[in-house]
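The values are calculated or read from the model by the stated rules, or taken from the named source; none is laboratory data. Treat the numbers as computed from the prediction; the structure is a model and nothing was measured. Cβ placement follows ideal geometry from the backbone for every residue including glycine, while neighbour counts extend to all protein chains displayed. Areas reflect the complete protein model, heavy atoms only, side chains present, ligands, DNA and RNA absent. Shrake-Rupley method; radii C 1.70, N 1.55, O 1.52, S 1.80 Å.
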Amino acid sequence: MNQERAVAADSLLVPLREVQRITGLGKTKVAEVVASGDLRTVRVGRRRLVARRDLEAWIERLRDGGEEPSPPRIRPLARR
């Protein structure tokens, strides 16, 4: 394991790209889960991060069958 991944494994906050790597989900699916509110994020400057404990709790809820990811909220297009 390289040093960058070792640091990420010990981090309290992980970037969305790391969430994708950990879960095996793609960028779009992670964005859907975040937009639905199923996975909470925090903003630090321009970065959107997930608390490791929130990620682990979300995964546990999925494993227990207690929560299915919600479909993304679709906003209507603005009319001109």
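Tally up the residues in segment 6-43 that are aliphatic (A, V, I, L, M) and open to solvent by 80 Å² or more (accessible area, probe 1.4 Å), please.
The number of residues fulfilling the criteria is 2.
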Practice task
Would you please list the contacts, defined by Cβ atoms under 7 Å and residues six or more apart or on different chains, that run from a residue in segment 15-44 that is without any contact (Cβ under 8 Å) to a residue 24 or more places away in the chain to a residue that is loosely packed, with under 15 Cβ neighbours inside 10 Å and of a type in the set (D, E, K, R)?
Solution key: Gln20/Lys27
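This table checks each residue for (1) polar (S, T, N, Q); (2) touching an Asp or Glu at 6+ places or on another chain (Cβ under 8 Å); (3) modelled with pLDDT under 95.
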residue	(1), (2), (3)
Leu49	no, no, no
Glu56	no, no, yes
Glu60	no, no, yes
Gly65	no, no, yes
Ser70	yes, yes, yes
Ala78	no, no, yes
Completion exercise
Quick count over segment 8-49, residues being in contact with a Gly (Cβ under 8 Å, 6 or more places away or on another chain) and closer than 19 Å to Gly65 by Cα, is 0
